[in-house]
Structure formats: structure tokens, C-alpha cells
Amino acid sequence: MSVRKILVPLSGAASEASVIGTALTVARTFGAQVVGLFVRADPTEALPYLGDGVSGQVIEQLMQVAKEGADAASDRARTMFADAAAKANVALVQDGGAERLPSARFLDVSGHRDDIVAAHSRLSDLVVFGEGNATAAGGSTLEAALMSAGRPVLIAPKACAIHVAGVVAIGWDESPVAAHAVTAAIPFLGKAKSVTILCIGNKELDPKPGGLVADYLSLHGISAGVHLVEAQGRSVGGALLDQAEKMGADLLVVGGYGHSRLREFIIGGATQHIRSHATIPVLMAH
């Protein structure tokens, strides 16, 4: 299991510089290619909503304005991507070949954002987004990568991460999504200097579930400790973050809920708390 292709959906927002930087850190760790994906909306998709009374001249003007806006956003994203690659000493390439790794590649594609991101995510090893910033390429696009494509997602903090997978914390609750996150994180865990499984409880703390994970990881040659964390009135997300940051972790691994709980995952709940407040990268899988 390895990480060779890292996808970063881009919108041209200034906040994405740190997201690109974090993705490049991961690329250098694994010898991977970072693909910066800018998706421009097809302006013809909006034509049915304009009504029959709109003249051809007005439609042409609106389409030209949309094109100019997309061009400007794409230029910002491309420049930001190239600058980050140069700063990280990662070569810019024009294709997806493995002749030179780590590398960085920028794509400008037209279509429906969520559909394009899902399609590209399916053949990516990791998809990187920014923390809970509504102006960045997140929200439903993150849902497309996590749910429609079924790929692990890395949430980058506001500040560019310069280390990933040195000290790793795993949030464990025995759920299928937490198990999927653990298996998706194996490449990171294999490079870690230390791994700690965090089991959250209230009155009764049972180390057995964490021991099951530790046994699994040992078969992959990964030694992991188990730490029991009392919530003490805190949210699960808050307790996990507090403990991960207290132990000096540079990566937190957690599951992301879906189906009826998907909106809680995207908009609220433990995972959104982590996404909005984490100062370290967070690896999620559904």
C-alpha cells in the first residue's frame, strides 16, 4: 500500500496556499505526485434558468463575464500552486507519469465541480482539503470525494504542515468508518515514529477495543499504544483534539460518518468540530 497520487481540488481562494503546502509535504514524504484540480463551471448549464425572455446579446455577455471570472480564478490557483511547488522544491510536470517524483501537476477542467472531483478522486490515493472554510473547495465537494469516490481525505490546518506522520493519534470508537480510517492510514502509520490509539469514554473506560486495533497494526509491523481518554463533559471531537495536541501529534486519524449522519459530519458534530478546530492534519475515511 502506497501513496502515489494526491488530489487537491482548488477554487483560487487565498486560503488554499496552506492546503497545497500540506499536500506537497505529504508528497515529499511518500514520493508522490500532487494534482491541483481547478474545475470551472460550464456557463451553458445556467441557460435554462435565465428564461425565454433573455436576449442572445445578454446571454453572450453573461457567458463572457463567467468565462473571465473563471479565467481569473484559474490563474490565481495556477500561480499559487506553482509558487508552493517551487517553495517545496517539487518539480512541476505536464503529465501523470512517474519519471520524476515527487512532482506537481495542475489541471484546469470544465464541468460540474462535484462530479469532476469525484471522478478524479476515484483514482487518487488521497484527497486534500482545507479546514472548515466555506469559501474553499470543500463542503459538497468534500462529500463527493469521501462518499461518492470512497477515498480517504486529509484535512489541512490553516498553517501549512511541515511534518506529517511523525507522531500519529487514532480516534477509535469501534465503528466501521473508524476501522476504514485506520486501514486507509496504514501508509502514514508505517512511517510514524509513534502511534497512539485514543479511546474516548465517560464512566467506564475499556482498553480492549483499542487493543484489537493494536493487534491489527502489529501485523503490519506497526507498534501502537492505547490511551484511554475521559470526555469529562467535552465533545468527542474536542476530547480527541485536546489529547492529540497534548501529545504533540502531527496527524489525527478519525472516521467520517455518512448516510443519515452525513450532514452532521459536514455541518456539525464531532468530525466537523475537528475539521474546524484542528491545528494538525486530520485523515478521515468513510
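The values are calculated or read from the model by the stated rules, or taken from the named source; none is laboratory data. These numbers were taken from a predicted model, which means no experiment stands behind them. Ideal geometry is used to build each Cβ from the backbone, glycine not excepted, and the neighbour counts take in all protein chains shown.
A few comments on the model shown:
- Test for Asn89: is it modelled with pLDDT of 90 or more and among the polar types (S, T, N, Q): yes
- For the stretch 61-109, the tally of residues that are among the basic types (Lys, Arg) and surrounded by 19 or more Cβ atoms within 10 Å (Cβ to Cβ) stands at 1.
- Residue selected from the stretch 165-186 under the condition more than 18 Å from the chain's Cα centre (by Cα) and part of a strand (DSSP E or B), by the criterion nearest to Ile280 (Cα to Cα): Val167
- When each of Leu189, Leu228, Leu252, Leu240 is tested for being part of a strand (DSSP E or B), touching a residue at least 24 places away in the same chain (Cβ under 8 Å) and under 28 Å from Ala159 (Cα atoms), the lone residue that passes is Leu252.
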